[in-house]
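Visitor: Sharing a structure with you now.
Readers should treat all values here as calculations from the given coordinates under stated rules, not as data from a laboratory. Values in this document were obtained by computation on a predicted structure and should not be read as measured data. We place every Cβ from the backbone using ideal geometry, glycine too, and count neighbours over all the protein chains shown.
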């Protein structure tokens, strides 16, 4: 069976759930939504050989950085959905359970902690931010919500595209 369409659906769905959480958490917790333009800026600078920044916010703006950041955000969500199916197999698509989805969701927090935040000069696991504990907790919650989104999207897929 070709799993590409289900993976894309689940990845986009889970990313949408995560984005909805980002909207809701501002009034609930006073935490602003992520600025994916900074991710786009980081990626755009890679074309010029710059992979690490002293301050991504102070780095020069790049053309279409916001669009690039949002596209990357959704492609990363799809890649993590592919990881879920790659590890747990096609059988998980037929009978999704929350454990594997949460495992992948929570596990994905490694990417910002060990790759993106250090490359943007926030330090490992946001160590160089004003409130590292809060930043870590918000990342963990957001990635847990992404994991729940993987699970929810897989069940929604069953409604629209029975596997």
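Visitor: Pick from 53, 73, 66: which is surrounded by 14 or more Cβ atoms within 10 Å (Cβ to Cβ), in contact with a helix residue (DSSP H, G or I) (Cβ under 8 Å, 6 or more places away or on another chain) and not in a helix (DSSP H, G or I)?
Guide: Residue meeting the stated conditions: 53.
Visitor: Continuing with the same structure: Could you figure out which of (1) crowded, with 20+ Cβ neighbours inside 10 Å; (2) more than 16 Å from residue 144 (Cα to Cα); (3) within 18 Å of the chain's Cα centre (by Cα) isn't true of residue 10?
Guide: Against the list (1) crowded, with 20+ Cβ neighbours inside 10 Å; (2) more than 16 Å from residue 144 (Cα to Cα); (3) within 18 Å of the chain's Cα centre (by Cα), residue 10 comes up short only on (2).
Visitor: Only one of 47, 26 is within 17 Å of residue 75 (Cβ to Cβ), without any contact (Cβ under 8 Å) to a residue 12 or more places away in the chain, out of contact with any strand residue (DSSP E or B) (no Cβ under 8 Å at 6 or more places or on another chain) and surrounded by fewer than 17 Cβ atoms within 10 Å (Cβ to Cβ). Can you tell me which? Give the derivation first.
Guide: On the way: 26 fails: within 17 Å of residue 75 (Cβ to Cβ).
Within the list 47, 26, the selection yields 47.
Visitor: Which of the numbered conditions does residue 129 fail, given that it passes all the others? Conditions: (1) free of Cβ contacts under 8 Å to residues at least 40 places away in the same chain; (2) assigned to a helix (DSSP H, G or I); (3) within 20 Å of residue 25 (Cα to Cα); (4) touching a helix residue (DSSP H, G or I) at 6+ places or on another chain (Cβ under 8 Å).
Guide: (2)
Visitor: Restricting the search to segment 104-115, which residues are in contact with a helix residue (DSSP H, G or I) (Cβ under 7 Å, 6 or more places away or on another chain) and part of a helix (DSSP H, G or I)? Give the steps one after another, and end with the answer.
Guide: To start, the set of residues in segment 104-115 that are in contact with a helix residue (DSSP H, G or I) (Cβ under 7 Å, 6 or more places away or on another chain) comprises 104-106, 108-109, 112-114.
Selection gives 104, 105, 106, 112, 113, 114.
Visitor: In segment 93-103, what residues are under 16 Å from residue 149 (Cβ atoms) and either surrounded by fewer than 17 Cβ atoms within 10 Å (Cβ to Cβ) or within 11 Å of the chain's Cα centre (by Cα) (or both)? Steps first, answer last, please.
Guide: Of the residues in segment 93-103, the ones under 16 Å from residue 149 (Cβ atoms) are 93, 96-103.
Within segment 93-103, 97, 98, 99, 103 qualify.
Visitor: Same structure again: Return only the number of the condition from (1) over 20 Å from the mean Cα position of the chain (by Cα); (2) in contact (Cβ under 8 Å) with a residue 24 or more places away in the chain; (3) under 29 Å from residue 154 (Cβ atoms) that residue 39 does not satisfy.
Guide: (1)
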